[in-house]
Amino acid sequence: MNISVENKVAPVTGAASSPGLAAAKTFAESGASVALADCEALDAMLKEVPIGRLGRAEEIADAVLWLCSPAASLAVGHALVVDGGYTVR
């Protein structure tokens, strides 16, 4: 998706996403040095994720796009955790 932002005003509502393990795995797969790049450590952590898998990049992007949309206008000062239930297990 290519969105032109030239001469546009974008209100910032102070929301953020927290992709957690999904981001760590993506960075590790791209060759970055990540503490969780160890497959055994990652497998052990996966057992703690209620949905039993890491999030996909598309799922994280959907959450971020929602935060950037008018539909999220009431979500102010909130960090949206997109981690398959890991933080509430």
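General remarks:
- Per the conditions (1) touching a helix residue (DSSP H, G or I) at 6+ places or on another chain (Cβ under 6 Å); (2) modelled with pLDDT of 85 or more, the sole criterion not satisfied by G55 is (2).
- Checked against (1) surrounded by fewer than 10 Cβ atoms within 10 Å (Cβ to Cβ); (2) modelled with pLDDT of 80 or more, G31 passes all but condition (2).
- Only residues that are farther than 22 Å from E29 by Cβ and not hydrophobic (A, V, I, L, M, F, W, C) were counted across the range 54-89, and they come to 8.
- Consider the range 38-74 and keep the residues that are part of a loop (DSSP other than H, G, I, E, B) and of a type in the set (V, I, T). The one that is surrounded by the fewest Cβ atoms within 10 Å (Cβ to Cβ) is I51.
- Members of the range 75-89 found to be outside any loop (DSSP other than H, G, I, E, B) and more than 9 Å from the chain's Cα centre (by Cα), listed by number: A79, Y86, T87, V88
The values are calculated or read from the model by the stated rules, or taken from the named source; none is laboratory data. Just so it is clear, the structure is predicted and the values come from calculations on it, not from any experiment. Glycine gets a Cβ as well: all are built from the backbone with ideal geometry, and neighbour counts include every protein chain shown.
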